[in-house]
1. Could you identify the single residue in L73, L121, L92, L49 that is touching a helix residue (DSSP H, G or I) at 6+ places or on another chain (Cβ under 9 Å), in the same structural domain as G33 (by TED's automatic domain parsing) and under 30 Å from V401 (Cβ atoms)?
2. Only one of (1) in contact (Cβ under 8 Å) with a residue 12 or more places away in the chain; (2) closer than 19 Å to S477 by Cβ; (3) surrounded by fewer than 16 Cβ atoms within 10 Å (Cβ to Cβ) is not met by E456, so which one is it?
3. Looking at the range 245-260, can you tell me whether even one residue there is more than 27 Å from H315 (Cβ to Cβ) and in the same structural domain as P181 (by TED's automatic domain parsing)?
4. Under the condition of being modelled with pLDDT under 90 and either within 13 Å of ligand 1 (Cβ to nearest atom) or not in a loop (DSSP other than H, G, I, E, B) (or both), which residue from the range 521-532 is nearest to the chain's Cα centre (by Cα)?
5. Identify the single condition in (1) at positive phi; (2) assigned to a helix (DSSP H, G or I) that G60 does not satisfy, given that it satisfies every other one.
6. Of all residues being part of a helix (DSSP H, G or I) and either surrounded by 19 or more Cβ atoms within 10 Å (Cβ to Cβ) or among the hydrophobic types (A, V, I, L, M, F, W, C) (or both) in the range 416-433, which is farthest from ligand 1 (Cβ to nearest atom)? Just the residue, please.
7. Which count do you get for residues in the range 16-66 that are within 28 Å of W164 (Cβ to Cβ) and of a type in the set (F, W, Y)?
8. Just checking, which of L310, L321, L297 is assigned by TED's automatic domain parsing to the domain that holds I53, surrounded by fewer than 19 Cβ atoms within 10 Å (Cβ to Cβ), on the phi < 0 side of the Ramachandran plot and not in a loop (DSSP other than H, G, I, E, B)?
Amino acid sequence: MAQGGASPETLTPRRWLQRLAAQQRRLIGLSVGAGLAVGLATIVQMALLAGWISALLVHGVAPQELLWWGLALVLVLALRAGAQWAQEVTGLEASLRIRQAARAELVTHIEALGPVRLGGLHSAAIGGQLVEQVEALDGYFARFLPQLRLAVAIPAIIAALVVWLDWLAALFLLLAAPMIPVFMALVGIGAERLNRRQFAAVSRLAGHFLDRVRGITTLQLFNRAEQASDEVHAAADHYRRLSMRTLRLAFLSSAVLEFFAAVAIAVLAIYIGFGLLGYINYGPSPQLTLFSGLLILLLAPEFFQPLRTLSQHYHDRAAALGAADALVNLLNTPLPEAGSVNRVGETPAAVSLQQAGVSFLGRGRVLGPLDLEIAPGECVALVGPSGAGKSTLLQLIAGFVDSDSGEVTRAAGEIAWMDQRPLLIHGSLADNLRLAAPAASDDEIQLALQRAGLGELLSALPAGIDTALGERGVGLSGGQAQRLALARVFLSRAQLLLLDEPTASLDEETEAFVVEALQALTEEGRTLVVATHHPALMAMADRVIRLEQGRRVDEVGS
Ligand code: ADP
Ligand code: MG
């Protein structure tokens, strides 16, 4: 990544989470509103309960006369359940939409980065980021963010009510309340750091494991399977210990909270008990009645409940920040600067390079400065010893790497890429071909396979183009996989075909077939740029360009 420059605004995890939340402000607001309704219903419910008991015991009202009171209580309970349901559903929906948006943003960025810039990242880590780390944002948006607002609003409403009932009792509540956020913040700082480490560990674990699984044949051959399994075990154990440490911290913080809430409620109970007995003659306590005392006692746990719920969801915040940290890192990987060096369009040629070059970090310049014009419909062969820069030149034309000087212009339209190791995905034969042309019909797919010389194979397969292929093309020989890549090229409408040693490591028969097929493609009027050592391909080309140490050393027309 030679250049790209610092983007004007580097994203921080917090800012990214804020931006995501802002997209669903309405749904999150609805969730908060429903949560408030739950809180208010709870207060009304407790008031009804206290009023009922007080009417029954103090005022001696007959139970039959209190029937409507009971009905009101049932109604409030139903309302509360409904509001709770609405709070959950809106929170989950907001979180779902936000996660979809986050994934779309990440996929777009990954796509724009292209294969070469992503080369430094492990595919298991990228997979983990798109699935698990985005999933780790769920609790933050669905539960923590709405609860953060409720944890302020509901205790404030209850405190106001208790001040009106008996200000001394309210004082006890308000003294205990600040302890909770203080401890949460103290514990939260540690939890966030632990979570970040945990995400790093799980990424590493995933990469480690995938590497071992991919290399299992090699490991078996060298009798190292046992050792590898021990290593996986050790890595997993490290992850387990980190997870336990995070959990320990979470449990500790909730224990501290429970303690403060319990102490505050106990103090209140003592105060109200003695106040009702008439032992306290200070302030408002002589005015305490069974109704007000009971209501205060019933509301005291509800005062702490939103804060306790918030602290339960506090690890959601830590998890989300930990995940966002890694995701923002990916988002901050600079994209190629659009329009400055690599341009698409505005050229009568298919490809035009002027004094273009490529440098790699810590490796210096490996290609150029180079001039090259390729006309539409031309077939150009790139030759030269290994390490001369053929693959790099193809990557530069494709836009996978950036030029650090001059100009690279490519005619608008799709490009097709083919190299020695075709990418095969887990799916049917048709799925693998539709990578190149998502809208292709079954007939078009069959035709492309026949043109690529896979007609015989196809007729031998019972499920035809719906036959499932394993990952890495299980069930296909190397030659067949390369023919499949060729079928993709036939299927795609791309006018510019970039081929990196397409015939290397093929048997003679397949090799000859591929050469013939490429000949057919040039006759269709498509532009071909082929890096090759193959004499037949060189002979077929309109021009042969020789590279040595990143420079053109001569040009042979034919
Ligand atoms: P060829 O395809 O002709 O064999 P390449 O284009 O693959 O050559 O490589 C040209 C030079 O660039 C080589 O010296 C190689 O080591 C270097 N190179 C290629 N890719 C990278 C990279 N991602 N980072 C650093 N150096 C690279
Ligand atoms: Mg190469």
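The values are calculated or read from the model by the stated rules, or taken from the named source; none is laboratory data. Values in this document were obtained by computation on a predicted structure and should not be read as measured data. We place every Cβ from the backbone using ideal geometry, glycine too, and count neighbours over all the protein chains shown.
1. L121
2. With respect to (1) in contact (Cβ under 8 Å) with a residue 12 or more places away in the chain; (2) closer than 19 Å to S477 by Cβ; (3) surrounded by fewer than 16 Cβ atoms within 10 Å (Cβ to Cβ), E456 is out only on (1).
3. no
4. The selected residue is L521.
5. (2)
6. Across the range 416-433, the extreme among qualifying residues is A430.
7. Within the range 16-66, residues that are within 28 Å of W164 (Cβ to Cβ) and of a type in the set (F, W, Y) number 1.
8. Exactly one residue qualifies, and that residue is L297.
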